[in-house]
Amino acid sequence: MNQIELLWQLQNLDSEIMELERKLNAAEIKERLKEIKLKFDAEKEKLDSNKELVDRGKKEIRASKTKKEELRFSFQKTEEKLYSGIVSSAKQMEAMQKNLDETQNTIQKLEDKMSQLKQEVEDLEEEEKKGKLKLLRLKNTFDSLKKEYTENRQEAAKKYEALKEKRQELVKTINKNLLRSYNRVKTGTDTAVVLVEDGKCSGCHMEVSVLCMQHLKEGSIVSCETCGRILYQRES
Ligand SMILES: [Zn+2]
């Protein structure tokens with residue numbers, strides 16, 4: 001195999017290695033995991049404060065119930081006294097009747113408040129149910145994504161090691177000067193070796209000169225006169 005073909009292989013290997021590095025880094029998955037975690041935390045916080053409201057509401061209902069029972073008891077006592085015949089003063093009777101009316105009124109208000117509170121608690125509990133379900137879903141998504149990430153990572157790491165070894169072997173077979181040019185021309189994800197297609201450099205799409213084509217045919221290493229990439233004339 002000639003040198004340029006080996007270099008071409010090296011470049012393909014490097015692309016594969018770079019792709020694996022990207023996979024190993026898994027920036028997108030990490031970003032998504034972070035997003036899910038944030039959503040989960042926000043939902044959890046909402047659920048906690050919801051729980052607090054439910055507890056407070058229930059406590060208030062219990063207190064109202066006790067208060068109502070006390071008022072009922074006092075109402076009964078007053079009523080018994082009023083109709084027992086003990087009280088004979090019209091003024092006193094009138095005051096007692098007024099007291100009964102007021103108590104009745106307060107009880108009614110308490111009952112209204114209680115039924116409103118009950119409705120509120122019910123709504124909150126409904127929200128709580130939905131929130132718990134949401135949390136569960138988020139947790140499942142997070143877990144399966146994490147699992148996928150871990151598995152992919154292990155697989156990619158194994159492959160990565162194999163490719164690195166293969167690269168080491170391949171590099172040994174390539175002329176040092178050529179390797180140096182390759183490393184110099186190759187920047188980031190850009191390619192260093194490009195195919196000559198229809199007499200044009202496929203890197204910059206400029207025509208390759210007749211002289212360069214001649215050198216290529218002779219098996220020399222030729223760089224594109226325009227972009228400097230190393231030209232590869234594939235044998236057809
Ligand atoms: Zn070029």
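The values are calculated or read from the model by the stated rules, or taken from the named source; none is laboratory data. Every value quoted in this text rests on a predicted model; they were computed, and no experiment measured them. When we count neighbours, we look across all protein chains shown, and the Cβ atoms used for this are built from the backbone with ideal geometry, even at glycine.
Only one entry in LEU216, LEU195 is more than 8 Å from the ligand (Cβ to nearest atom) and at pLDDT 95 or above, namely LEU195. Going by the conditions given, is LYS159 at negative phi and surrounded by 11 or more Cβ atoms within 10 Å (Cβ to Cβ)? When the stated conditions are applied, LYS159 passes them.
Restricting LEU133, LEU124, LEU138, LEU145 to residues that are among the aliphatic types (A, V, I, L, M), part of a helix (DSSP H, G or I) and within 18 Å of LYS58 (Cβ to Cβ) narrows the list to LEU124.
Suppose we filter segment 30-50 for residues that are of a type in the set (S, T, N, Q) and farther than 17 Å from LEU124 by Cα; how many remain?
The first filter runs over segment 30-50 and keeps only residues of a type in the set (S, T, N, Q), leaving 49-50.
Cutting the leftovers down to farther than 17 Å from LEU124 by Cα gives us none.
So the answer is 0.
No other residue among ARG184, ARG167, ARG180, ARG234 is assigned to a loop (DSSP other than H, G, I, E, B), more than 11 Å from the ligand (Cβ to nearest atom) and among the basic types (Lys, Arg) apart from ARG234. For segment 188-235, the set of residues classified as under 43 Å from the mean Cα position of the chain (by Cα), without any contact (Cβ under 8 Å) to a residue 24 or more places away in the chain and under 23 Å from MET1 (Cα atoms) consists of SER202 only.
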